[in-house]
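S.K.: Sharing a structure below in structure tokens format, with a few things to ask.
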Amino acid sequence: MNLLTRNTDYAARALLYMGGRRGQRVSTADIHRDLKLPRPFMRKILQQLQKEGYLVSVKGYKGGFTLALPPAKIRLIELMRIFQGDLSLSDCLFQKKICSCVAVCPLRRELKAAEKMLVDRLKGVTLADLMKK
């Protein structure tokens, strides 16, 4: 199981790159050239981030994207929600539908507790925190 999807990973890397550029406009070509991330994916990801209010875009010659929010206001958990939905470790691993034991399943209770700890930890991780590392 991967905790981060490819889209979430690419989004985080692109935002880290933009955060390091301190307000300079960044194009998908810049990201492709410097981070070696595929342009078609990046275009869609950046458009989604712009739609969600994380980026500002300028079209045309010398266009590109800049952060719409300070890095300290961009949380990793929110990027995960945008690109992969809510984090859920406690769905039944063995069946496609919820089994009749869901209310009393000891495995599910443990996974729910681990999920809560992970979500709480991720809520505290911002783009600014990642930029420091």
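S.K.: Counting helices only, and only those DSSP H runs with n ≥ 4, report the 222 nm mean residue ellipticity of the chain as the sum of -39,500 (n - 2.57) divided by its residues, in deg cm²/dmol to the nearest 500.
M.R.: After summing the helix terms and dividing by the residues of the chain, the value is -16000 deg cm²/dmol.
S.K.: Continuing with the same structure: Which one, Arg13, Arg108, Arg39, has the greatest fluctuation when you compute a Gaussian network model over the chain with C-alpha springs under 10 angstrom?
M.R.: Arg108
S.K.: In addition: Residues in region 109-133 near a label at Asp34, defined as backbone nitrogen under 12 Å from the 7 Å Cα→Cβ point?
M.R.: Label zone hits: none.
S.K.: Using 0.36 nm times the number of residues separating Tyr61 and Lys116, minus their current alpha carbon distance, what extension gain do you get?
M.R.: Full extension from Tyr61 to Lys116 adds 15.2 nm.
S.K.: Helix 106-123 versus the longest principal axis of the chain: what angle, 0 to 90°, nearest 10, using Cα atoms?
M.R.: Helix 106-123 sits roughly 20 degrees off the main axis of the chain.
S.K.: Now for a separate question. How far is helix 39-51 tilted off the main Cα axis of the chain, in degrees rounded to 10, range 0 to 90?
M.R.: Helix 39-51 sits at roughly 80 degrees to that axis.
S.K.: Using a 10 Å cut-off around each Cβ, can you sort Met117, Met42, Met131 from fewest to most neighbouring Cβ atoms?
M.R.: Met117, Met131, Met42
S.K.: Rg/Rh for the chain to two decimals, with Rh computed the Kirkwood way over all alpha-carbon pairs.
M.R.: Reported Rg/Rh, Kirkwood definition of Rh: 1.08.
S.K.: May I pose another question? Could you work out which residue, out of Arg43, Arg75, Arg109, moves most in a Gaussian network model of the chain, that is, has the largest mean-square fluctuation with Cα springs under 10 Å?
M.R.: Highest fluctuation among the options: Arg109.
S.K.: When the convex hull of the C-alpha atoms of region 2-54 is computed, what volume per residue in Å³ does it have?
M.R.: 81 Å³
S.K.: For region 6-131, what is the relative contact order in percent, using Cα pairs closer than 8 Å and at least 6 residues apart in sequence?
M.R.: 29 percent.
Throughout, read-outs are computed from the coordinates displayed, never taken from laboratory work. Predicted model, so just to flag it, every value in this text is computed and none were measured. Don't worry about glycine lacking a Cβ; one is built from the backbone with ideal geometry, like all the others, and counts go over all protein chains shown.
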